[in-house]
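Submitted below is the structure of interest, expressed as C-alpha cells.
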Amino acid sequence: MKIAVVGLWHLGSVTAACLAQLGHQVIGFDDQTDVIDRLNLGQAPLFEPGLDDMITQGLEAKTLHFTTDACAAVQQADLVWITYDTPVDDDDHAEADFVIGKVQQTLPLLADGTVVLVSSQLPAGSVGRLREFARNTLTGKTIHCAVSPENLQLGKAIEVFLRPDRIIIGTHDNEARPRIVAMLAPIKAPIEWMSIESAEVTKHAINAFLALSVTFANELASLCELIGADAKEVERGLKSEARIGPKAYLSPGGPFAGGTLARDLVYLEAMAQTHQLALPLLSAVRPSNDVHKLWVRRTLLRQSPSLAGIPVAIWGLTYKPETDTLRRSVAVELCEWLIGQGAEIHIHDPAVKSWPDHWQDRVRVHSDPMPAARAARYLVIGTEWKQFHAHQDALAGMGQSGLILIDPNRHLQALAAAFGEAYIAVGVPLPPSKRGHA
C-alpha cells in the first residue's frame, strides 16, 4: 500500500519506519525542514532504541521517503496517517488546536476517497470536527475518517507498534475498514472495532486508569512505610486477588511523569466541566501524583534537615529509560530543587549529551557513575537505566561506608541486604526511629 505519514516527531517517525519495514511504500511529511533533513540522513528527531537503524533500512530499500512537500506526500496515498505529536505545556494542557489546524491544511490536498487515520493525541470529538470540516469545505470529495489511539511508549515504541496486544480502531465508515485491515495485516494482532467517539474516549480512559493505578499504589506505599508494612508484599497480595489480577499496574515507586497520562486526565476533566459534570475521583489523581513527586525530597530531609553543602549523586536524569529527553523529568525537578537547597550535586546519565546552561557551575557531570557515587553521601536512582545493574558489585562494597541509597522503584533492590537501613525505596518500611510523621 501507499501510505503517507503526516507529522514526524516521535509518533510519526516510529510509525513511518515500522510501516516501511512491514513492506508498504511510505512517504513521511513534515513542514520542519531540519526534521526532514535529519530523517533523510537516517536520524530520528528523538532517540528511540533501534529507530535510526530502521529508518536507514527503509531509505536504503527505497520503501521509505521523507519530504516537506505536502502535495507530493498525500495526493497518491491510499491512506493518510495523522501522527502529529500534540504539544503539552507544563500544566498538562495540550495544544490540540495546533494539530487540528495542521490537519485542516492537509485535507484539501487529498484525493477523493482517501482514508484518513488519526493517531495524534487529541481530545474526544476532534475527529468529528475534522469530518465536519471535510464535509463543509471539500466540495466533490469524500474523505473516510478513522481513529487509532496512539499507544507508543518512549523506549519501547517499535516493539509496541509491531507486537501490540490488540489494535483499537474507531470508524463509522465501512469504506475505511478494508484498507486499514490490509495495512495492518502483517502485524497479526486482533483489531477492536468501535465507533470513533468510543475509540477516542478509550485512549483517555486507558491513560486515566494507569494514572489512577500509579497514584493508588503510591499513596498506599507511603502509608506502608510509616506503619511497617512492605508495599511490594501488599502488591503481591493485591495481584493474587482474581478480581484484580497479576498484570495490574500497582507497583509502588516513583510518580508518573511526562505529559502523556496527565494530558488525558486534563482532557477528561475539561469535557466534564463542559457538561457540568463532577469527576471527584479523576480530578484527585494529578494532585495526588504531585504530592508523590516530593517523596525523594521528603526522604532526603528526613535524613538531613539541611542539605546545604551535602553531596548528593543522581544516577539517571532522563524522563524515562531508553530516551534522551529531559523535559518533564522528575529527576531534573529534583536536581533543580537540590540546587536551591545548596547541595553539592553529582550527576550521571548514559544518554544525555547536553545539560541546562544554568547547571554549569552548580552541578558536576560524571561520564562514569561510580565516581559520582563515591563523592556522595546520598545516591538517588533518578531513572532506571539497565546499565546501572553492571555497577551493583561495586556499590555493594560501599554498603557500610555511610552512603545512603535512595532507590524509589527498587531498581537495585539486590543491594538491600548490603545497605540494610541505608537502602530506602518507596513502600519499604522505615526504621522505627524514622516512622513518626510523613
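The values are calculated or read from the model by the stated rules, or taken from the named source; none is laboratory data. Only a predicted model underlies this, so the values are computations on that prediction, with no experimental measurement involved. Here Cβ is always computed from backbone atoms with ideal geometry, including for glycine, and neighbour counts include all displayed protein chains.
If I go through segment 183-210 residue by residue, how many of them are touching a residue at least 40 places away in the same chain (Cβ under 8 Å) and more than 20 Å from residue 153 (Cα to Cα)?
4
With respect to residue 60, determine if the residue is more than 19 Å from the chain's Cα centre (by Cα) and either more than 22 Å from residue 319 (Cβ to Cβ) or of a type in the set (D, E, K, R) (or both).
When the stated conditions are applied, residue 60 passes them.
Mind checking which residues of segment 169-225 are charged (D, E, K, R) and more than 19 Å from residue 267 (Cα to Cα)?
173, 175, 177, 179, 188, 192, 219, 225, listed by residue number.
Look through segment 235-281, keep the residues that are among the acidic types (Asp, Glu) and within 15 Å of residue 201 (Cα to Cα), and return whichever of them is surrounded by the fewest Cβ atoms within 10 Å (Cβ to Cβ).
This residue is 269.
Look through 50, 113, 58, 101 and report the one residue that is under 15 Å from residue 3 (Cα atoms) and either among the basic types (Lys, Arg) or surrounded by fewer than 20 Cβ atoms within 10 Å (Cβ to Cβ) (or both).
Result of the check over 50, 113, 58, 101: 113.
For residue 87, all conditions in the list (1) crowded, with 17+ Cβ neighbours inside 10 Å; (2) under 20 Å from residue 35 (Cα atoms); (3) at pLDDT below 95 hold save one; what is the number of the exception?
(1)
Is segment 322-332 home to any residue that is over 17 Å from the mean Cα position of the chain (by Cα) and more than 21 Å from residue 121 (Cα to Cα)?
Scanning segment 322-332, I find no residue that is over 17 Å from the mean Cα position of the chain (by Cα) and more than 21 Å from residue 121 (Cα to Cα), so the answer is no.
Of all residues in segment 197-223 being surrounded by fewer than 22 Cβ atoms within 10 Å (Cβ to Cβ) and in contact with a strand residue (DSSP E or B) (Cβ under 8 Å, 6 or more places away or on another chain), which is nearest to residue 407 (Cα to Cα)?
By that ranking, first place goes to 202.
Can you tell me which residue is surrounded by the most Cβ atoms within 10 Å (Cβ to Cβ) among those in segment 282-293 that are over 24 Å from residue 126 (Cβ atoms) and hydrophobic (A, V, I, L, M, F, W, C)?
Among those that are over 24 Å from residue 126 (Cβ atoms) and hydrophobic (A, V, I, L, M, F, W, C), it is 291.
Would you mind listing the helices (runs of 4 or more DSSP H) fully within segment 65-164 where at least 3 residues are over 17 Å from the mean Cα position of the chain (by Cα)?
In segment 65-164, 70-74, 96-106, 126-137 are the helices (runs of 4 or more DSSP H) which contain 3 or more residues that are over 17 Å from the mean Cα position of the chain (by Cα).
Another question, then. Applying the selection to segment 103-124, what residues are in contact (Cβ under 8 Å) with a residue 60 or more places away in the chain and either of a type in the set (Asp, Glu) or closer than 17 Å to residue 136 by Cα (or both)?
Matches in segment 103-124: 103, 106, 113.
Being in the same structural domain as residue 161 (by TED's automatic domain parsing), outside any helix (DSSP H, G or I) and either under 27 Å from residue 352 (Cα atoms) or in contact (Cβ under 8 Å) with a residue 12 or more places away in the chain (or both): is that true of residue 58 here?
no
Which of the residues belonging to segment 296-319 are in contact (Cβ under 8 Å) with a residue 40 or more places away in the chain, farther than 21 Å from residue 373 by Cβ and surrounded by fewer than 19 Cβ atoms within 10 Å (Cβ to Cβ)?
298
Scan (1) over 26 Å from residue 1 (Cβ atoms); (2) in contact with a Leu (Cβ under 9 Å, 6 or more places away or on another chain); (3) surrounded by fewer than 19 Cβ atoms within 10 Å (Cβ to Cβ); (4) hydrophobic (A, V, I, L, M, F, W, C) for the single condition residue 227 breaks and write down its number.
Condition (2) is where residue 227 drops out.
Continuing with this model, one more query. Here are the criteria: (1) surrounded by fewer than 18 Cβ atoms within 10 Å (Cβ to Cβ); (2) of a type in the set (Gly, Ala, Ser); (3) under 22 Å from residue 263 (Cα atoms). Tell me which single one residue 354 does not satisfy.
Result: residue 354 passes all but (3).
Residue-wise test of (1) closer than 16 Å to residue 79 by Cβ; (2) part of a helix (DSSP H, G or I).
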{"position": "179", "(1), (2)": "yes, yes"}
{"position": "189", "(1), (2)": "no, no"}
{"position": "199", "(1), (2)": "no, yes"}
{"position": "202", "(1), (2)": "no, yes"}
{"position": "206", "(1), (2)": "no, yes"}
{"position": "209", "(1), (2)": "no, yes"}
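Report whether or not residue 134 is closer than 25 Å to residue 168 by Cα and surrounded by fewer than 22 Cβ atoms within 10 Å (Cβ to Cβ).
Spelling it out, residue 134 is indeed closer than 25 Å to residue 168 by Cα and surrounded by fewer than 22 Cβ atoms within 10 Å (Cβ to Cβ).
Go through the residues of segment 5-25 one by one and say whether even a single one is assigned by TED's automatic domain parsing to the domain that holds residue 149, of a type in the set (Ser, Thr, Tyr), in contact with a helix residue (DSSP H, G or I) (Cβ under 6 Å, 6 or more places away or on another chain) and within 29 Å of residue 262 (Cα to Cα).
Within segment 5-25 (the criterion being assigned by TED's automatic domain parsing to the domain that holds residue 149, of a type in the set (Ser, Thr, Tyr), in contact with a helix residue (DSSP H, G or I) (Cβ under 6 Å, 6 or more places away or on another chain) and within 29 Å of residue 262 (Cα to Cα)), the answer is no, since none of the residues qualifies.
Out of the residues in segment 405-433 meeting the condition of being outside any helix (DSSP H, G or I) and more than 29 Å from the chain's Cα centre (by Cα), tell me which one is surrounded by the most Cβ atoms within 10 Å (Cβ to Cβ).
Among those residues, the one meeting the criterion is 430.
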